[in-house]
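**Student:** Could you have a look at this structure, given as structure tokens, before my questions?
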Amino acid sequence: MAFTELGVWGFNEKYVTGQYIFNLPVEEVLFFICIPYACLFTYFVFNQLIERDYFFPHHELISSALIIVSLILGIYFMERAYTSVTFLLTGFFLAYHMLKVRPRYMGRFYFSYLVLLVPFLIVNGTLTGAFTDEPVVWYNNNENTGVRIMTIPVEDIFYGMMMVLIPLFLADELERRFENKKRLRKQGQV
């Protein structure tokens, strides 16, 4: 909402219904519900279908590299709102994950996210004008690096990563709390 208000990005009225929740088109609000849910569902489906955690042996190296790159870019582009906020939040959240949470799911997360990048590029490419005369969502290049993959700001790759990782973290946290309560009940402590 803040980025829309500040003109960091906006929405082409030609492609939205005109129904708004605060300053966001209802389509954008639904996007923030549907896309993380679908990505989380995909992650859990992959866990059931693919036994091996291919990236587990490398997840700390991948996280470390992403943390360093994110923090450097976030600081370097501090005057660009979308770039700095996206990269700094990604870097700090990954660092928190690596140093405090230390989850066992990061290898599987990275594998799932790589696969999810294919539909992400198609859908986000469509939204940013790769296949339409005008973009559905426009970005103010004064607030990002201006580096694009097709028509997609490179920041969206990291922003998308957080849209998947945050719900995964919350789902894992809720599952651990539920299992802990269940264990305590079995032991007669609750």
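Here, each number is a calculation from the coordinates, and none is a lab measurement. Here the structure is a predicted model, which means the values were calculated and not measured. Every residue, glycine among them, receives a Cβ derived from its backbone with ideal geometry; neighbour counts consider all protein chains shown.
**Student:** Each residue of the stretch 86-100 in turn: what ³J(HN,Hα) in whole Hz from Karplus with 6.51, -1.76, 1.60 and θ = phi - 60°, glycine and Pro shown as x?
**Tutor:** After applying 6.51 cos²θ - 1.76 cosθ + 1.60, I find 4, 5, 5, 5, 4, x, 5, 5, 5, 5, 4, 4, 5, 8, 9 Hz.
**Student:** Using the Cα centre of the chain as the reference point, and only Cβ charges (+1 on K/R, -1 on D/E), how large is the resulting charge dipole? Debye, rounded to the nearest 20.
**Tutor:** 1200 debye
**Student:** Something else about it: What does the helix-only formula give at 222 nm for the chain: each DSSP H stretch with n ≥ 4 adding -39500 (n - 2.57), the total divided by the residues, and the result rounded to the nearest 500 deg cm²/dmol?
**Tutor:** -21000 deg cm²/dmol
**Student:** Next up: Put +1 on the Cβ of each Lys and Arg and -1 on the Cβ of each Asp and Glu in the chain; which of N140, Y43, L73 then has its Cα farthest toward the positive end of the dipole?
**Tutor:** Projecting each Cα onto the dipole axis, the largest value belongs to Y43.
**Student:** For F11, enumerate residues with amide H under 5 Å from its amide H, sequence gap 5+ or separate chain, H modeled in the peptide plane.
**Tutor:** W138
**Student:** Going by how many other beta carbons lie within 10 Å of each one, how would you line up D172, D133, fewest first?
**Tutor:** Exposure proxy ranking, most exposed first: D133, D172.
**Student:** What spacing in nm lies between the two simple spin-label points modelled at E134 and N23, each 7 Å away from Cα in the Cβ direction?
**Tutor:** Here the answer is 2.0 nm between the modelled labels.
**Student:** Amide H to amide H, which residues 5 or more places from I149 or on other chains are under 5 Å from it, using H placed in the peptide plane?
**Tutor:** When sequence neighbours closer than 5 places are left aside, the close amide H contacts are V154.
**Student:** For the stretch 55-147, run through the trypsin sites (Lys or Arg not before Pro) and keep only the ones in DSSP coil with at most 14 other Cβ atoms within 10 Å of their Cβ.
**Tutor:** Passing sites in the stretch 55-147 are R104.
**Student:** Ranked highest first by average number of other Cβ atoms within 10 Å, how do 85-96, 65-76, 49-60 line up?
**Tutor:** In descending order of packing, they fall as 85-96, 65-76, 49-60.
**Student:** Gain in length, V101 to F32, computed as 0.36 nm per residue apart minus the alpha-carbon separation, to one decimal in nm?
**Tutor:** The span from V101 to F32 would gain 22.4 nm if fully extended.
**Student:** Take the chain, connect every pair of alpha-carbon atoms lying under 10 Å apart with a spring to form a Gaussian network, then pick out the residue of E155, E143, E175 with the largest mean-square fluctuation.
**Tutor:** In the Gaussian network model the winner is E175.
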